[in-house]
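Following: one structure in structure tokens, then a few remarks.
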Amino acid sequence: MMIFLIRLFYLPFFLIIGNGLAIYLVNQQSSKIWLIGLVIAFIAIAFLTEKHIPYNNKFNHPIGDQQRDVLHAVVNESMSIVGIASLPFFASIFTVIDIWPHQFPLWGQVLLAVLIADIGITLMHYASHRNSILWRLHAVHHSVKRMYGLNGLMKHPLHQGIEILAGTAPLLLIGTPPEVFMLLLVAVIIQLLLQHSNVDYFVGPLRNILAINSMHRFHHLKTAKEGDVNFGLFTIFTDYVLGTAYFDSTKKFSSTDLGISTEPDYPSDYLNQVIEPFRSKK
């Protein structure tokens, strides 16, 4: 019974409670340390739940990738924090017209920011599978051989910067306030934990709306044709427009399905993954 309840409430717990607590902390003008603590707590909850209710138990076992993934996460989220801290400066330069609905409740502003950022990030993600230069950077993320929460934070830092710019530039132009960007960052981290999660959580009809793990696993299939689907970060709305939404309830995933078929020996350590996109291809 307990396992059933965890599977049932895992998704709403992360989406509603996780983001709700973050919004509450910002509304209360709490120290930003509390937000960092909240994110760390949800990462820990994700790891613990993956151990007890896994989609694939083998995905829980490191294959020489744990230290690398931690490094990716620390570097990339440190960059995000620096970016958030720099927002007042960038807003003063790049805001073209302040038409942001400041009168909306904070949760409504965050939801609007999520929907806008989702379009930009999804389109950049889509482009990264079609432009050779962008793909070199994005390939780091696709080199994973198991799907678990920390995979979502495993990206080349330069590609993460490009994706963030694609998602946040429209928001900067229309005067989105710093606290909304801060909450957007929390929402992105929570979503990446859900999207790459090895937890066998219940989704139901939300699969037709949200870009969650059961949909995103198809995106990590190692052949280009199979994995050319489900690009969305938060939702699959843009995938519907692009014609790239796909799901097959009979498909079961294992490590042999994941990775990059054209580069089976892609570097697996952090430093070489950062350097690999700039190496000459013979």
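In square angstrom, what is the accessible area per residue of the chain with a 1.4 angstrom probe?
49 Å²
Note down the net charge around residue 178, summing +1 for each Lys or Arg and -1 for each Asp or Glu among other residues with Cβ under 15 Å from its Cβ.
Within the 15 Å Cβ shell, the charges total -1.
Take the cross-link list 155/281; 145/281; 222/281; 155/252 and give me the ones stretching past 31 Å between alpha-carbons.
Correct reply: none exceed it.
Once a ≥ b ≥ c are taken as the square roots of the eigenvalues of the Cα gyration tensor of region 1-144, is the result rounded (a/c under 1.5), prolate (a/b larger than b/c) or oblate (a/b not larger than b/c)?
Cα axes put region 1-144 in the oblate bin.
Treating only the Cβ of Lys, Arg, Asp and Glu as charged (+1, +1, -1, -1), what charge dipole size does region 107-245 show about its Cα centre? Round to the nearest 20 debye.
460 debye
With a 1.4 Å probe and every protein chain kept in, tell me what percent of the accessible surface of the chain is carbon plus sulfur.
69 percent
Can you pull a Stokes-Einstein diffusion coefficient for region 183-233 at 4 °C (1.567 mPa s), Rh from Kirkwood over Cα pairs, as a whole number of µm²/s?
Roughly 112 µm²/s, to the nearest whole number.
Given the DSSP H assignment, sum -39500 (n - 2.57) over each helix run of at least 4 residues in the chain and divide by its residue total; what's the result at 222 nm in deg cm²/dmol, nearest 500?
Value at 222 nm, helices only, nearest 500: -18000 deg cm²/dmol.
Distance in nm between label sites at residue 70 and residue 106, each 7 Å beyond Cα in the beta-carbon direction?
Those two pseudo-labels are separated by 3.2 nm.
Along the charge dipole of region 169-282, which of 280, 213, 173 sits closest to the positive end, that is, farthest toward it, with unit charges on the beta carbon of Lys, Arg, Asp and Glu (+1, +1, -1, -1)?
The Cα lying farthest towards the positive end belongs to 280.
Within the chain, which whole H helices from DSSP have a Cα span along their axis of at least 30 Å and a mean Kyte-Doolittle hydropathy of -1.0 or more, if any?
32-52, 106-128
Kindly provide log₁₀ I(q)/I(0) values, in the same order as q = 0.09, 0.14 Å⁻¹, from the Debye equation applied to equal alpha-carbon scatterers of the chain.
Taken in order of the listed q values, log10 I(q)/I(0) reads -0.41, -1.04.
What translational diffusion coefficient, in µm²/s and rounded to a whole number, does the Stokes-Einstein relation yield for region 108-190 at 10 °C and a viscosity of 1.306 mPa s, taking the hydrodynamic radius as the Kirkwood radius over Cα pairs?
Once the numbers are plugged in, D ends up at 118 µm²/s.
The values are calculated or read from the model by the stated rules, or taken from the named source; none is laboratory data. Note that the structure is predicted; figures quoted are calculated from it, not measured. All Cβ positions, glycine included, derive from the backbone under ideal geometry; neighbour counts span all protein chains shown. Ligands, DNA and RNA are excluded from the accessible area calculation, which covers all protein heavy atoms including side chains. Shrake-Rupley method; radii C 1.70, N 1.55, O 1.52, S 1.80 Å.
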